Amino acid sequence: MAAEGMLFPNFYTANPLCSPSRAALLTGRLPIRNGFYTTNGHARNAYTPQEVVGGIPDTELLLPELLKGAGYVSKIVGKWHLGHRPRFHPLKHGFDEWFGSPNCHFGPYDNRARPNIPVYRDWEMVGRFYEEFPINHKTGEANLTQIYLQEALDFIKRQQAAQHPFFLYWAIDATHAPVYASKPFLGTSQRGRYGDAVREIDDSVGKILNLLQDLRIVENTFVFFTSDNGAALISAPKEGNNGPFLCGKQTTFEGGMREPAIAWWPGHIPAGQVSHQLGSIMDLFTTSLSLAGLEPPSDRVIDGLDLLPAMLQGQLMERPIFYYRGNTLMAVTLGQYKAHFWTWTNSWEEFRQGIDFCPGQNVSGVTTHTQEEHTKLPLIFHLGRDPGERYPLSFASTEYLNVLDRITPVVQQHQEALVPGQPQLNVCNQAVMNWAPPGCEKLGKCLTPPESVPEKCSWPH
């Protein structure tokens, strides 16, 4: 795909973990704007486990809603992760079809203290993980990627036959713990179960691209591959790997937010190209609208850029990349320079329990286990010379002072204009879990929820 398209080595997600990144992808807006953050603690990562009460606000305009204006049919396959309660259902936010789950495939649960996560087809559940959709923790075997692949292929064939323009959001999750792969791929890689899952995803992407070629629609179909956060290195980097970058998922170091990214559009994007444009997952929102001949909404701040000039004409556009962790601006990159205003991996308490987001990568004064503030004198790194963020520029150097002069007004302007959205990830309640999703009656799978007791969610890191 990269050999036939364009690679973006400087591409970023909008948050160092799942739910906020996906909200940013589909709204083109930072999580601090679209509500996918928490104020229950300073710089705390938060997402949407099934006890979270919140989800994507009705006031947010999602990409599939806007694409309807150009006649697009939209489908999500895989993990939604933007709220599991009925009001947050993806078909209420612009998607026409859905096959997948509202939450991560954690489990199995006993359906008493916690219910197993449902799998939906469109409006109704068709089963639950570990029941109708088994995942074998011991062997790692699950057929979910193959099911998700078939859903994608069938959707593309149907839309092409009907001559409908389409948007497919293929949100597979096999590399998320607990990692799984189907039987033909288990044991076939040199990197354990994680490598097996990556091989199956790679094979599946190939089958999707091959179908586009067989249907002769490659020249009017844009495909983009990326991730929602860096590899999770918790305790040891024995499976996921972030290469030269510092730390991993949950952190705002490069390993937590810098992602592989490939654009593929034969006949338009020249083959074998590399763009050094600073890119963001939010750019896919604006770029997709541009491809459909639509303008982004003008009644709100949109953080995503249109990447078509970078992809089609090789242009480079200067723009900042903001690294948020929860409600806190941790860092910013401008050009090749990154300034950290706060550093933190996780608490000493967690670290001593063996939870390590940066295994084998201790950088004194940088990979800290207490929240260290640097807002007066940011730690600044040149990511071209030092992609691993190991050697901050000297505070007394001319280079440092020149960079600080460039970055300071950009950050001030951003913070002064920022209007945070209503935080969606503050309140948890056991009663809102997936006890009785739509369609459970038909399957005899409705469970009785406990008494409703709203409480503040606890986000340890």
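The values are calculated or read from the model by the stated rules, or taken from the named source; none is laboratory data. Small disclaimer: the values here were computed from a predicted structure and weren't measured. Please note: Cβ atoms are built from the backbone with ideal geometry, for glycine as well, and neighbour counts cover all protein chains shown. Just the protein is used for accessible areas: all its heavy atoms, side chains included, with ligands, DNA and RNA removed. Shrake-Rupley method; radii C 1.70, N 1.55, O 1.52, S 1.80 Å.
Annotations for the structure displayed:
- Full extension of the segment from Ser458 to Ala396, taken as 0.36 nm per residue of separation minus the current Cα-Cα distance, would add 18.2 nm.
- Accessible-area composition of the chain, carbon plus sulfur, in percent [1.4 Å probe]: 52
- Reported to the nearest whole Å, the Cα centre-to-centre distance from the range 71-111 to the range 170-220 is 20.
- Positive-end ranking of Leu447, Asn362, Phe129 along the dipole of the chain, with charges on Cβ about the Cα centre, is headed by Leu447.
- Put a plus charge on the Cβ of each Lys and Arg, a minus charge on the Cβ of each Asp and Glu, and nothing anywhere else: the dipole of the chain about its Cα centre is then about 440 debye.
- Comparing Thr343, Leu377, Ala417 along the charge dipole axis of the range 328-417, the residue lying farthest to the positive side is Leu377, per the Cβ-charge model.
- Accessible area per residue was computed with a 1.4 Å probe on protein heavy atoms; Tyr323 scores about 0 Å².
- Summing charges over all other residues whose Cβ lies under 10 Å from the Cβ of Arg121, with Lys and Arg as +1 and Asp and Glu as -1, gives -4.
- Residues Ile135, Ile147, sorted by accessible area with the largest first, give Ile147, Ile135 [1.4 Å probe; ligands and nucleic acids excluded].
- Cα-projected label distance for Gln163 with Gln413, points at 7 Å along beta-carbon direction, nm: 4.7
- Surface calculation, 1.4 Å probe, protein heavy atoms: Arg199 sits at approximately 110 Å² accessible.
- Per residue, the average separation of C-alpha pairs within less than 8 Å and at least 6 apart gives the chain a relative contact order of 24 percent.
- Net charge over other residues, Cβ less than 15 angstrom from the Cβ of Pro86 (K, R count +1; D, E count -1): -1
- Isolated Cys in the chain, by beta carbon distance under 4.7 Å: Cys18, Cys104
- Nonlocal amide H pairs with Trp342, under 5 Å, H built at 1.01 Å: His374
- Selection from Thr408, Phe245, Ile117 lying farthest towards where the dipole of the chain points positive, charges on Cβ: Ile117
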